[in-house]
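Notes for the one structure printed next.
The values are calculated or read from the model by the stated rules, or taken from the named source; none is laboratory data. Note that this is a predicted model, so its numbers are computed, not measured. Please note: Cβ atoms are built from the backbone with ideal geometry, for glycine as well, and neighbour counts cover all protein chains shown.
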Amino acid sequence: MTDQLIIFDTTLRDGEQSPGASMTRDEKLRIARQLERLKVDVIEAGFAASSNGDFESVQAIARAIKDSTICSLARANDRDIARAAEALKDANRARIHTFIATSALHMEKKLRMTPDQVLEQARQSVRFARNLIADIEFSPEDGYRSDPDFLCRVIETVIAEGATTINVPDTVGYAIPELYGAFIKNLRERVPNSDKAVWSVHCHNDLGMAVANSLAGVKLGGARQIECTINGLGERAGNCSLEEVVMAIKTRKDYFGLDVNIDALHIVAASRMVSQTTGFVVQPNKAVVGANAFAHASGIHQDGVLKARDTYEIMRAEDVGWSANKIVLGKLSGRNAFKQRLHELGVELDSEAAINTAFAAFKELADRKSEIFDEDILALVTEQDAHQQADPFQFISLAQQSETGERPHASVVFSRDGREIKAQSDGNGPVDASFKAIESEVKSGAEMLLYSVNAISGSTESQGEVTVRLQRSGRVVNGVGADPDIVVASAKAYLSALNKLHSNAEIVAAQG
Ligand SMILES: [Zn+2]
C-alpha cells in the first residue's frame, strides 16, 4: 500500500453531466490546463463514444496536456472502448475507464441482463481494453448497492484480465462513512488478487456525505484514489468536491498520513474558472472556495485572529490561492505587470497576440474602473476566451433608457460575421429589452433557462458577471459576459451563448 493518494478529477465528465453544465471543447481545454497546473494525477476528459463533440474534446485534451494522465469513460463494449482508445491515441499517459452496472436493480431493470452475462461482458471488455492501453480502470456501476459476493467475483475477474484500478462508486449517494469504509475494506480482503490494483472511491453527495464517504473509503477501506470534481460539480447534489478532500488530507496529515500531488495555490482560480464557465455559482459558505470561507465576521474571532492566526484558522487563505480583494493593478500598470499578474494567477495565454488582446481589454477596463482586482482579471480573460475572433456574433455597443413609469427601451449594435446590425426593442426591464432587441434580428428561437448576475468583487463598483443559459433542440449552452455595466455584460453574455448555439458541435447524447 502506497502513501500516495491519487486525485482523479472528473469535472469534465461527471461534472459536465449535470444538466446545464455542458462545456465547449475550448472551455474544457482551458479547464484541463488549470487541472494540470493543479497537478491533478488523472483528468477524466469526457466520454469519447457519447458524441463527436465529446470525442474531439478528449482528443484535444489528450494532445495538449502532458503532465496528467488523460482518461476517457467507456461503457463495457468494444465500440465504446475502441473509440476511447482512438481519442486518447496522442496522450502522454492514457487511461480507459470502463464500467458496467452490478447491482441487482440496475442489471435487471436497466441492462436486462443476468449476473453471469454482466460478469462475462466485464471480462471481455477489460480484456479488449487491455490490448489497446495498459492503464485500465474498471467501475461496477452502483457498486455500493451491489451484492458483495457477486461484486467480489466481478472484481477478481477484471483484475485477472488486467484492470489496474478498481473504482467502487456510490452512484446514488446512499452510503454512510463507516459503512462505506467497511464495504471497501471487506472487498479488498475478500478478493484474492486485490493487491494487483489500486482501489478507488467515487461518491455522490445526495446526503451531503460525498467528501466524508470518500475519506472513509481511504482511511478505513484502504482506497488510494479519490474521484472528485471542482466545486463538487455534478448531477443532482454533485460529486465529492476536490478542494475539500484535498485540503482535508493536507490539513489533517497527522491523521491520514497521505501525500497528494495537488498544488493547492491554484484551487481558487480553478473554482472560479469552473463556476464562470458553467454558471454554477459557489455558495458563500462553501468550504475552502466560498467567498466567506476565510472571513471572520464576529468580533471575538477577529480579535483572536489578529493576535494569533491559528486561534481560529486551520488553513491559510493564501495557501489555496485567495488574495482577497487586493488591489493589484490600475490604469498606470504596464504590460509586463499585467503579464506577471496573469502568470501569478495561473493563466497562461497561448500567444503574444492573446496577451496583447487581453492587455487592451484590461486598459479599456482600467479607464472605467480605478481598482482592478484579481477577480476582474480572471473575468476578463474568461470573457476573451468566450468571445473568440472567429465567433459569428460580436458585441459593439449598447444604449438603453429606463425611467420609473416608462417602459424600458434598448438599442444594441452588434456584428454577425463582420456585418454590423442595429437592433432595438422595449422590454420589462433594460436587460429584457436588450435581449429582445438582439432576438428581433437573430431569431434564434432559443429558450432561456437561466439568467444570473454576480458582482465580481462584491460591491456596486465592481464588474457585473452575467451568465445566460440557452436551450434549443435539446442542446444547452452557457454564455458569459463581464462589464461594469450589467446591461452591457448581459448583452455580451447573450451573444456569447448565441455563438455557442451556432457552433457546429452536435447534440450530446444522453449518457448512460
Ligand atoms: Zn458519478
**Prompt:** Which ones in the range 221-262 are more than 16 Å from the ligand (Cβ to nearest atom), in a loop (DSSP other than H, G, I, E, B) and under 17 Å from the mean Cα position of the chain (by Cα)?
**Reply:** I262
**Fill in**
Here the residues within the range 426-458 that are within 22 Å of P392 (Cα to Cα), among the hydrophobic types (A, V, I, L, M, F, W, C) and surrounded by 19 or more Cβ atoms within 10 Å (Cβ to Cβ) are V431, A433, F435, A437, I438, V442, A446
**Complete:** Taking the range 139-186 and keeping residues in contact with a Gly (Cβ under 8 Å, 6 or more places away or on another chain), aliphatic (A, V, I, L, M) and closer than 19 Å to L105 by Cβ leaves L151, V168
**Message:** Quick check on the range 7-19. Is at least one of its residues aromatic (F, W, Y), more than 22 Å from N261 (Cα to Cα) and within 16 Å of the ligand (Cβ to nearest atom)?
**Reply:** no
**Prompt:** Which condition does R37 not pass, out of (1) at pLDDT 95 or above; (2) under 23 Å from M247 (Cα atoms), if it passes all the others?
**Reply:** (1)
**Request:** Give the residues of the range 188-220 that are touching a strand residue (DSSP E or B) at 6+ places or on another chain (Cβ under 7 Å), part of a helix (DSSP H, G or I) and more than 22 Å from L38 (Cα to Cα), sorted by residue number.
**Result:** R188, N213, G217
**Prompt:** Is there a residue being within 12 Å of A129 (Cβ to Cβ) and touching a Leu at 6+ places or on another chain (Cβ under 9 Å) anywhere in the range 73-80?
**Reply:** yes
**Request:** Inspect all residues belonging to the range 60-75 and state whether any of them is at pLDDT below 95 and not acidic (D, E).
**Result:** no
**Item:** Lone unmet requirement of (1) in contact (Cβ under 8 Å) with a residue 60 or more places away in the chain; (2) under 28 Å from A175 (Cβ atoms); (3) part of a helix (DSSP H, G or I); (4) not hydrophobic (A, V, I, L, M, F, W, C) for E44
**Value:** (3)
**Item:** Residue among V488, V466, V477 that is β-branched (V, I, T) and at pLDDT 95 or above
**Value:** V488
**Request:** Test each condition in (1) in a helix (DSSP H, G or I); (2) within 16 Å of the ligand (Cβ to nearest atom); (3) not hydroxyl-bearing (S, T, Y) for Q276 and report the one that comes out false.
**Result:** (2)
**Prompt:** What are the residues in the range 123-171 that are hydroxyl-bearing (S, T, Y), within 16 Å of the ligand (Cβ to nearest atom) and not in a loop (DSSP other than H, G, I, E, B), if any?
**Reply:** S139, Y144, T165
**Message:** Can you tell me which condition D206 does not meet? The list is (1) crowded, with 24+ Cβ neighbours inside 10 Å; (2) within 16 Å of the ligand (Cβ to nearest atom), and all the others hold.
**Reply:** (1)
**Complete:** Looking across the range 71-116 at residues that are more than 25 Å from C228 (Cβ to Cβ) and among the acidic types (D, E), the single one that is surrounded by the most Cβ atoms within 10 Å (Cβ to Cβ) is E86
**Asked** Can you tell which of N499, N478 is in a helix (DSSP H, G or I) and farther than 21 Å from H409 by Cβ?
**Response** N499
**Item:** Residue ID - nearest to the ligand (Cβ to nearest atom), chosen from residues in the range 174-186 that are surrounded by fewer than 22 Cβ atoms within 10 Å (Cβ to Cβ) and either in contact (Cβ under 8 Å) with a residue 24 or more places away in the chain or under 17 Å from E141 (Cβ atoms) (or both)
**Value:** Y174
**Message:** Looking only at the range 254-292, filter to residues that are without any contact (Cβ under 8 Å) to a residue 40 or more places away in the chain and farther than 17 Å from A223 by Cβ; which one of those is surrounded by the most Cβ atoms within 10 Å (Cβ to Cβ)?
**Reply:** G290
